[in-house]
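For reference, the structure discussed in these notes is given below.
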Amino acid sequence: MYQDSEDNGMNYGIAARRFHCRDCNASFISLGSKTIEYCCVCHSNNIETKNDVYEKKPYIVPFRKTLEDAKNDYQKKVLFHPLVPFVFKSKATIEAIQKVYLPVIVVDANLQGTVDFLAGDKTKIMKEKVAFIETKKYSVLADVNLNYHHIILNMTSKLQDRLFHTICDYQFDQLLEYNPNALGDSAILVDDKDLNAVADLGRQRIMKHAMAVIKSNINHELKKVNNNGALLNFVNSKEVLVPVYLLTVHYKDKDYIYLMNGENGAVSLELVFGKIEIILFSLLMFGLIFLIAFLIAYFL
Ligand SMILES: [Zn+2]
């Protein structure tokens, strides 16, 4: 399996400059000595610069969508939505959409072994107006051999799994070998999660899925696990940088995130409706209806 690097910074191939955002605590790097002025997560300019050199080289899923694609898509979703607060629509907000590479680990997994289920059938017997339920129980052994491909493990805490998993359908069959040109002007978020904890969560996710698959193949009503002897192993792990466009909008003490998959354009958008906007829109609708009613009454 993959190894935990001793120095968290040894991941990115060539000389790079490391930054830290004092506002949201994100760590990120740019290639060479290029200075990044804004935080790629929260767009703050409260950034401290550190220098570092890195050795390991991650694979890359290159951007296929442009920054303009992301801006256009975002504008289409918020600009003409009457209930979305103004701060979501301001030029400064739209200009703050960031081109970012996220650190992930892509693994294949194999699940093998025997799962022992307590299965059974229920038979209802009506006898002298009293309902009995007769249950027959069986032990069912399910031999399992499942292969999972391209399981993606999110290594940055700056983006919640819940959100990331809605857009993370990347084509890992077309991975680029590490190549600084492919990274261009993007910021690269540094992995800040504990590898073992992330791997454990990944295992739980796969096991949960596998259990659902196995249970659906058992033709009995009861499907209680007696003993799970299936073992899950990760194989072929790769460190990969995946492309996203990221925007964090701060509104009334909460952060709302717009996230676009930089490869296929899949989007996740957290929106909120503003109270003022709802009131204004209601008044406008009321006024319009009143006007139409008035015109109809006047001219007919
Ligand atoms: Zn920040």
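Throughout, read-outs are computed from the coordinates displayed, never taken from laboratory work. Predicted model, so just to flag it, every value in this text is computed and none were measured. Note: ideal-geometry Cβ built from the backbone for every residue, glycine included; neighbour counts use all protein chains shown.
Using a simple spin-label model with pseudo-atoms 7 Å out from Cα toward Cβ, Lys215 and Asp23 lie 4.5 nm apart.
Label-to-label distance for Leu118 and Asn226 is 1.0 nm, based on points extended 7 Å past Cα in the beta-carbon direction.
By the scheme Lys and Arg +1, Asp and Glu -1, what is the net charge of all other residues having a beta-carbon under 15 Å from that of Leu146? Overall, the nearby charge balance is +2.
Panel order for Tyr178, Tyr245, Tyr298, by other beta carbons found within 10 Å of each beta carbon, from fewest to most: Tyr298, Tyr178, Tyr245.
Counting other Cβ atoms within 10 Å as a rough exposure proxy, the listed residues Ile188, Ile279 run Ile279, Ile188 from fewest neighbours to most. Membrane-span-like helices in the chain, defined purely by DSSP H runs whose alpha carbon atoms cover 27 Å or more axially and whose average Kyte-Doolittle hydropathy reaches 1.0, are 275-299. When DSSP beta bridges are restricted to pairs lying wholly in the chain, around 95% turn out antiparallel. Our helix-only sum for the chain, with -39,500 (n - 2.57) per DSSP H run of n ≥ 4 divided by its residues, gives a mean residue ellipticity at 222 nm of -7500 deg cm²/dmol.
Taken along the Cα-to-beta-carbon direction at a fixed 7 Å, the label points for Val272 and Phe299 span 4.3 nm. In summary, the lysines within cross-link reach of Lys252, defined as a Cα separation below 17 angstrom excluding same-chain residues under 8 places away, comprise Lys89, Lys275.
Principal axis extents of the C-alpha atoms in the stretch 180-300 (largest first, rounded to whole Å): 80, 55, 29. State which stretch of the chain is the longest one without any exposed trypsin sites (Lys or Arg not before Pro), exposure meaning a DSSP loop state and at most 13 other Cβ atoms within 10 Å. Result for the longest clean stretch: 130-251.
Checked against a 30 Å cut-off, the cross-linked pairs Lys208/Lys238; Lys34/Lys76; Lys224/Lys254; Lys50/Lys193 give Cα-Cα distances beyond that limit for Lys34/Lys76; Lys224/Lys254. Remark: relative contact order (the chain) = 27 percent; criterion is Cα-Cα distance under 8 angstrom and separation of 6 or more residues. The alpha carbon centroids of the stretch 145-177 and the stretch 211-280 are separated by 10 Å.
Our Cα-only numbers for the chain put the radius of gyration and Dmax at 26.5, 87 Å.
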